[in-house]
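The values are calculated or read from the model by the stated rules, or taken from the named source; none is laboratory data. Just so we're clear, the structure is a prediction, and the values are computed from it rather than from any experiment. Every residue, glycine among them, receives a Cβ derived from its backbone with ideal geometry; neighbour counts consider all protein chains shown. Side chains are part of the model used for accessible areas, which takes the heavy atoms of the whole protein and leaves out ligands, DNA and RNA. Shrake-Rupley method; radii C 1.70, N 1.55, O 1.52, S 1.80 Å.
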Amino acid sequence: MKLLITGGCGFIGSNFVRRLLTDAYEPFADAQVTVLDALTYAGNEANLEPVADSPRYQFVKGDICDTELLCDLMPQH
């Protein structure tokens, strides 16, 4: 399973991503996680440092309003 998490570098999103990648949610234990975040005022990539080395984690800097980017990412998830 591949999950696309938008806003994953913010306070709530990063907590969710860290929990996903540390297997806190058993049904998602094998999930590949892609975080899409524009890193504006609320996003901080450092929030995901504890899981940044996970082979199941990928970060994409981008805006959810970027239709072309979403058209590239969505079919993979």
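Taking the listed residues 42, 24, 46, the one that is surrounded by fewer than 13 Cβ atoms within 10 Å (Cβ to Cβ) and modelled with pLDDT under 95 is 24, with no other qualifying. The number of residues in region 53-68 being open to solvent by 50 Å² or more (accessible area, probe 1.4 Å) and either of a type in the set (Asp, Glu) or part of a loop (DSSP other than H, G, I, E, B) (or both) comes to 7. Scanning region 50-70 for residues being in contact with a Phe, Trp or Tyr (Cβ under 9 Å, 6 or more places away or on another chain) and touching a residue at least 24 places away in the same chain (Cβ under 8 Å) gives a total of 1. Filtering region 26-51 to residues that are under 10 Å from the mean Cα position of the chain (by Cα) and over 14 Å from residue 13 (Cβ atoms) leaves only 32. Entry remark, region 26-49: residues being over 13 Å from residue 3 (Cα atoms) and either free of Cβ contacts under 8 Å to residues at least 12 places away in the same chain or polar (S, T, N, Q) (or both) number 7 in total.
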